[in-house]
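Trainee: The structure that follows is given in the form of structure tokens.
The values are calculated or read from the model by the stated rules, or taken from the named source; none is laboratory data. Since this is a predicted model, take the numbers as computed values, not measurements. When we count neighbours, we look across all protein chains shown, and the Cβ atoms used for this are built from the backbone with ideal geometry, even at glycine. The area values use the complete protein model at the heavy-atom level, side chains included, leaving out ligands, DNA and RNA. Shrake-Rupley method; radii C 1.70, N 1.55, O 1.52, S 1.80 Å.
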Amino acid sequence: SSSSSSSSNSSSVLDTEGMEEQYWLPDVVAMARVISSEEMILDRYRHYLESGREEKYRRSKIYGMNQMEKGTDSWVSHLLHSRKDSDIQGADVVLLAIKQNIAIGSIKLLVAYLTGSAAVFADAMHSVADVLNATYRYAGINLANRDPDYRHPYGYERLRYVFTDRSTLILLGVGGIFPLLHGIEQLYSVPSELGSPWVMGALFVTVGILETPALLRSYSALLKKATKNGISLASYLRHGNDMINITTFAECSLGVIAATAGVIASMQYYLTSDPIYDSIASVVIASTVCLGSGLILGKNAKALVGETLPVDEVEHLVFKLEEDDTVNSVHDVKTEVLGVDTVRFKAEIEFNAEAITRKIKKLYEIPSPASAELLDQVQQLKSEVHVEDWLMKNNADYQTALSSELQRIENMVKKHLKDANFKNFYIDLELW
């Protein structure tokens, strides 16, 4: 019996130690009313009730969650039912390049087979690579044009860079490294004779002519963008973000360079009957493809990581915002180009509280009817409860005005970015 009583005593001690301290509900309510106003308590209770609603209501506050019930189109379905090429930036240029290179590549392969020319073979492999990577890139820019969804709230614009990067690897391998090795081999084992230099020369001249339409179209698109940004074409090629047109322009330029090298080699072979010039031309053509592919890969890697807007443009926007009467200063500005026409802007805004208050109360000068009305309101406060209610109402008015000012500043940023030729904006403004 003594053991049982001791065990019961120990258990009661444990229960007492495990219990949390409790308070009477009236005491809790009285303390809450001292710390917070009744309106604030009701707001918190209302939020508590809303937080307990069904999962569907809570998820509706998250972007794109309403799409989960509908589902999203698969990539294959989007490709089959995507918008017209005229609605997708760069699609018409790439499609033209595909058709152009199919025709050019077929002729090159035939002439390479008939003449045995290493230069023609290198240029043919360049065209084969162009067809493969342009087709792959064409699919990429269509997929990059998908609308944002709950899995990708900032859209799919980066797919442009992913597909451009992979397609450039195809160009490097098929159009660069493989024909380069073949050309080097031809340097050490030069064939005794080749086919007609006239046929080879005519082919390269034809190739140069056929490369021109896509070259001019991509050049026109890039020049238009450079002009709108107020920079030179060379500067836009270095710092621009339209990788589709830049890549197409680079590939067509390489095609023209290759055609020029082929024409020179054909002329030298005609004049000297020495096939070594053909082997040299094949190495030159393949080397230019390797060099161009390397430059495109380097530029595309920077775009894929995410580059900021030009510093001058960001500084101009910050200066414009700080000129506003209700803004004291702008801090921690971060920008990121997510695609050809998509940009993200983030900043912390320090507002001028006095300017906003004067704007709410219309206190542009003292004395005035507005200041007289404010003085009358203050003089009518007869108790602490009235003072508290008046203070809470003014704080609520200030919060509403601050939200309106934040929205107005956001619209200013959107207008500036729209003038800079961006169509999609993701703007995050915070209070400093």
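Trainee: Place the peptides 120-131, 406-417, 387-398, 169-180 in order of packing, highest mean first, counting for every residue the other Cβ atoms within 10 Å and averaging per peptide.
Mentor: Top to bottom by mean Cβ count within 10 Å: 120-131, 169-180, 406-417, 387-398.
Trainee: Please compute P(r) over all alpha-carbon pairs of region 300-390, binned at 10 Å starting from zero, and give each bin as a whole-number percent.
Mentor: Going from the shortest bin to the longest, the percentages are 13, 27, 21, 16, 13, 8, 2.
Trainee: Taking each pair of different alpha-carbon atoms in region 386-432 once, compute 1/r for the pair, average those values, and report the inverse of that mean as the Kirkwood hydrodynamic radius in Å to one decimal. Intermediate values should be presented prior to the final figure.
Mentor: Working: mean 1/r = 0.0787 Å⁻¹.
It is 12.7 Å.
Trainee: Another question, then. Work through the residues other than residue 346 whose Cβ is under 10 Å from its Cβ and net out their charges, Lys, Arg +1 and Asp, Glu -1.
Mentor: Net of charged neighbours comes to -3.
Trainee: Using a 1.4 Å probe on the protein chains only, how many percent of the accessible area of region 275-379 belongs to carbon and sulfur? Write down the numbers at each step before the final one.
Mentor: On the way: 3210 of 5420 Å².
The C+S portion of the solvent-accessible surface of region 275-379 is 59 percent.
Trainee: Rounded to the nearest 0.05, what FRET efficiency is calculated for residue 410 and residue 365 with R0 set to 30 Å and r the Cβ-Cβ distance?
Mentor: Computed FRET efficiency for residue 410 and residue 365: 0.50.
Trainee: Once you put a point 7 Å from the Cα of residue 403 and another 7 Å from the Cα of residue 187, both along the Cβ direction, what distance in nm separates them?
Mentor: Taking the two extended label points, one gets 7.1 nm.
Trainee: Report the Cα-based extents of region 288-329 along its three principal axes, largest first, to the nearest Å.
Mentor: Computed over the Cα atoms, the extents are 55, 17, 8 Å.
Trainee: Now for a separate question. On average, how much area does the Cα convex hull of region 102-170 cover when viewed from any direction, in nm²?
Mentor: With the hull built on Cα positions only, its mean projection is 5.0 nm².
Trainee: Now a separate question. Pick out, from 256, 204, 223, the residue whose Cα sits farthest towards the positive end of the charge dipole of region 201-279, with +1 on the Cβ of Lys and Arg and -1 on the Cβ of Asp and Glu.
Mentor: Among 256, 204, 223, the one farthest towards the positive end of the dipole of region 201-279 is 223.
Trainee: Pull up all non-local amide H partners of residue 117: gap of 5 or more, or a different chain, and H-to-H distance under 5 Å with H placed in the peptide plane.
Mentor: 195
Trainee: Hey, another quick one. Using Cα-Cα distances under 8 Å and only pairs 6 or more residues apart, what relative contact order does region 316-432 have, in percent?
Mentor: Value for region 316-432: 36 percent.
Trainee: Let me ask something else about it. Checking the cross-link filter: which lysines have an alpha carbon closer than 22 Å to that of residue 320, excluding same-chain neighbours under 8 positions apart?
Mentor: The qualifying lysines are 228, 334, 346, 359, 414, 415, 418, 423.
Trainee: Loop only per DSSP, at most 12 neighbouring Cβ atoms within 10 Å: give me the trypsin sites (Lys or Arg not before Pro) in region 109-179, ordered by residue number.
Mentor: Passing sites in region 109-179 are 151.
Trainee: Let me ask something else. Accessible area per residue, 1.4 Å probe, Å², for region 158-261: what's the number?
Mentor: Counting only protein heavy atoms, the per-residue value for region 158-261 is 46 Å².
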